[in-house]
Amino acid sequence: MTTTTIPTLDLADQAAQAVRELNHRTRGAGAFTGPAELYRLVAELALLVGRLPQLLGQLDQWLHTEHDAGRLRTDNRTDPGPAVRDAAAHLATPATPRTTWRTSWPARSSAWPTSAPPNQPHHRPKGSVFNR
């Protein structure tokens, strides 16, 4: 494994942009020179998808660790426990359709973990959970 100095969120953005680019490049009939290229792309995507459960599990673990240590709270000062459980449920079901994910979790849940260095403003969806 290569050690990198790229920030974690930048890596996530690069992954999202790479998939977006693949969406564009594979639209037409000329996307591949033959079945071998398609086969290799599918194999690489299978590796990508196979690694997501570990990542999502680690995100879930971080969220629970921060909650258990009392470092999370909600914007409306209610108990963050239900919000953390809701977020964990969404992390455990990554196959949720895109429209459901985008409309159900951030909009209705108060469990959107964010953090920023002290005195640095950051965007936080309404009702989000954040570090104390």
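The values are calculated or read from the model by the stated rules, or taken from the named source; none is laboratory data. Remember, it's a predicted structure, so these values are computed and weren't measured experimentally. Don't worry about glycine lacking a Cβ; one is built from the backbone with ideal geometry, like all the others, and counts go over all protein chains shown.
Any residue in region 51-64 that's more than 12 Å from A87 (Cβ to Cβ): show its pairings with residues that are part of a helix (DSSP H, G or I) at Cβ separation under 9 Å, as long as the two are six or more apart or on different chains.
Going by the 9 Å Cβ cut-off, the qualifying pairs are G57/L91; G57/A92.
Cβ contacts < 6 Å: first residue more than 16 Å from A18 (Cα to Cα), restricted to region 29-43; second residue assigned to a helix (DSSP H, G or I), any location; separation 6+ or different chain. Result?
Partner pairs satisfying both residue conditions: F32/L38.
Do we find a residue being in contact with a His (Cβ under 8 Å, 6 or more places away or on another chain) and not polar (S, T, N, Q) anywhere in region 5-28?
No, region 5-28 contains no residue that is in contact with a His (Cβ under 8 Å, 6 or more places away or on another chain) and not polar (S, T, N, Q).
Before we move on, is T114 over 20 Å from T8 (Cα atoms), at pLDDT below 95 and among the polar types (S, T, N, Q)? First the steps, then the outcome.
Numbers: over 20 Å from T8 (Cα atoms): no; at pLDDT below 95: yes; among the polar types (S, T, N, Q): yes.
The answer is no for T114.
Hey, can you tell me all the residues within region 53-67 that are surrounded by 11 or more Cβ atoms within 10 Å (Cβ to Cβ) and out of contact with any strand residue (DSSP E or B) (no Cβ under 9 Å at 6 or more places or on another chain)? Spell out the reasoning first.
Of region 53-67, the ones surrounded by 11 or more Cβ atoms within 10 Å (Cβ to Cβ) are 53, 55-67.
Matches in region 53-67: P53, L55, L56, G57, Q58, L59, D60, Q61, W62, H64, T65.
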